[in-house]
Amino acid sequence: MNESVLAWHQARLQEGKFFIQRCSACAHHVYFPRAFCPHCGGDALEWTTPAGTGTVYAATTVRRKPTEGGDLNVSLIDLDEGVRLMSRIDGIAADDVHIGLRVRAKVVDGLVLFAPADGGSA
Amino acid sequence: MNTRTLRGSCAIAGVATFGCGETPGFTDLELLAHAAHAAVVDAGLQMTDIDGLCTASVSSPMWAMPVIEYLGLNPRYIDGTMLGGSSFIAHLLPAIQALEAGRCRHVLVCYGSAQRSGTFGRSASAGARRLLDPQPYEHPYEPMLPPSAYALAASRHMYEFGTTRAQMADVAVAARAWARLNPEAFVRDPLTRDDVLRSRMVSDPLSVRDCCLVTDGAGAFVLTRADRARDLPNRPVYVLGNSTAVWNRQISSMHDLTVTAAQQSGADTFAMAGFTPRDIDVVQLYDAFTINTILFLEDLGFCAKGEGGAFVSDGRIAPGGALPVNTNGGGLSCVHPGMYGIFALIEAVRQLRGEAGERQVPGALTALAHGNGGTLSSQSTAILATADAL
Ligand SMILES: [Zn+2]
């Protein structure tokens, strides 16, 4: 595959589609996207659609002035496929995000975000 | 070559700091040059004796060249490896190998930064780094880096082990208590656990008092072969072990936020030195944030994983405590000009030479200095000792 995996992935996100990679040699899922498997070194990475569900692994509230956008959640989320990514949890106050919270992915303006899996007021 | 054969083969013959705190008007290079010259003088050498150079900069990726040009050096050994704040401890083992191979006779390791006073401020350099060192899977979520990365690690440590904000505060309180004994420390006001707990939140659970200073400052040291060091004026401080480990760049790529690559760099360093944590008299850890001290005490084996919070409580690492940690006041209270690692090493040397004044740990014969770089990304550990502990 002679194209940038980063560019391909970002182009799909712009279409609202979230893909991760899976190594057909060693069966590990991989995220962020790359050209070679970081687990086995192989080049047999395939695009796959994740279930989109995951669990908050770590969370922080970035304290910002209201003029700078206000307090902001930044979390690390473990997808059920076994990969971790940085994102934020929307639809819930930053201070209410907690480790262990079940969340579901959505794509907003080419960015992967998450919301509580039960849809809201966790 | 087994690194064990390099144990004690080289020694630090000279150290110096310059401009720690606030030095308006100075450039990075000027600060560095003052520290470099003072370290060479301290070693009983002249600039023309220096034929090896190790240096790194946050802002200039080709930094070794302007440093060589400014100092007028003609080095046969050059290391510009940039691993963030651990760089200057990571420079040790390759320099020892170069000295042992006869590539050079005296290696100068040096750093200088006008990060606090410089016109090219932190936000400008952060913006430039986003362009030069893009992290497209983190930056769009607007973490405040580096604090948010360490805050995420702290959140996980609290969740898994019950570590408390009060325990993290005790790290800052201990660092301040040491700083109060060090005339060179930038901040020397009294600090209590409540002061830390009540200070402004930056990125939960880290408050502004859980975060290191932003200062100017420079540090330098001279490394030479042990047989040559014995002919120089200072008591040689021997390098018994050194190792560097990198497991990731981004915090989101870290496998387990409560376990750093210091486990690897520490184990390899103790193996090279033939020591255990019980053999170490003073400990200098890269305390960019209070959680660092807890993580590194665990990962280096001074306490079990998960017990770091209890370990640092109630003055255990403060003056008069069981284990002296960050005796200069650390990055939290002494000095932190962008990269702190070289200052941890210099404080270890000063303690082993008995030159630490009011904060001197009596009879210190062995020291561990540990550097961290990036967002818990790079880790480098060194064990130093006097002739008595060889
Ligand atoms: Zn694979």
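Worth a mention:
- Against the main long axis of the alpha-carbon atoms of chain A, helix A:5-14 sits at an angle near 50°.
- Seen against the Cα atoms of chain B and their longest principal axis, helix B:165-179 is set at about 40 degrees.
- Sorted from longest to shortest, the spans of the Cα atoms of segment B:80-155 along the three principal axes equal 49, 32, 23 Å.
- Whole-Å distance, taken between Cα centres, linking segment B:351-373 and segment B:299-329: 15
- Within chain B, antiparallel bridges make up roughly 75 percent of the DSSP beta bridges whose residues both belong there.
- Cα-centred dipole magnitude for segment A:12-83, charges only on beta-carbon of K, R (+1) and D, E (-1), debye, nearest 20: 260
- Nearby lysines by direct alpha-carbon distance to A:LYS65 (threshold 30 angstrom, same-chain neighbours under 8 apart not counted): A:LYS106
- For A:LYS17, solvent-accessible area (1.4 Å; no DNA, RNA or ligand), Å²: 100
- Beta bridges per DSSP, both residues in the protein assembly as shown: antiparallel share near 80 percent.
- Added length on full extension, which subtracts the Cα-Cα distance from 0.36 nm per residue, B:GLU22 to B:ARG278: 88.4 nm
- Take the accessible area of chain B alone and of chain A alone, subtract that of the pair, and you get about 2200 Å² summed over both chains, using a 1.4 Å probe.
- Measuring heavy-atom accessible area with a 1.4 angstrom probe and counting protein chains only, the residues of segment B:198-222 that give up at least 50 Å² relative to the chain alone are B:ASP204.
- Annotation for segment A:1-73 versus segment B:81-102: alpha-carbon center distance of 35 Å.
- The calculated Kirkwood hydrodynamic radius for the protein assembly as shown is 23.6 Å, given to one decimal from all distinct C-alpha pairs.
- Surface accessible to a 1.4 Å probe, B:TRP63 within the full protein complex, Å²: 20
- Positive-pole candidate from B:ILE280, B:GLY330, B:CYS211, dipole of chain B, charges at beta carbon: B:ILE280
- A 1.4 Å probe over all protein chains sorts A:THR67, B:THR3, B:THR55 by accessible area into A:THR67, B:THR3, B:THR55, starting with the largest.
- Each label point was placed 7 Å from the Cα along the Cα-to-Cβ direction; for B:ASP133 and A:ASP95 their separation is 3.4 nm.
- Directionally averaged shadow of chain B, computed from the convex hull of its alpha-carbon atoms, nm²: 17.0
- Shown is the FRET efficiency for A:GLN14 and B:GLU69, computed with R0 = 35 Å from the Cβ-Cβ distance and rounded to the nearest 0.05: 0.15.
- Rounded accessible area of B:PHE18 (nearest 10 Å², 1.4 Å probe): 60
- With the simple spin-label model, which puts each label point 7 Å out from Cα in the Cβ direction, the A:HIS39 to B:ARG198 separation comes to 5.1 nm.
- Once the convex hull of all Cα atoms in chain A is built, its volume per residue stands at 111 Å³.
- Projected over every direction and averaged, the convex hull enclosing the alpha-carbon atoms of segment B:92-211 yields 12.1 nm².
- At 1.002 mPa s and 20 °C, Stokes diffusion of segment B:285-387 via Kirkwood alpha-carbon radius, µm² per second: 154
- Residue with peak Gaussian network fluctuation, chain B [Cα springs, cutoff 10 Å], from B:GLY274, B:GLY14, B:GLY84: B:GLY274
- Segment B:170-223: projected area of the alpha-carbon convex hull, averaged over directions, in nm²: 5.1
The values are calculated or read from the model by the stated rules, or taken from the named source; none is laboratory data. Fair warning: this is a prediction, and the values are worked out from it, not measured in the lab. Note: ideal-geometry Cβ built from the backbone for every residue, glycine included; neighbour counts use all protein chains shown. Just so you know, the surface numbers come from the protein's heavy atoms only, side chains and all, with ligands and any DNA or RNA stripped out. Shrake-Rupley method; radii C 1.70, N 1.55, O 1.52, S 1.80 Å.
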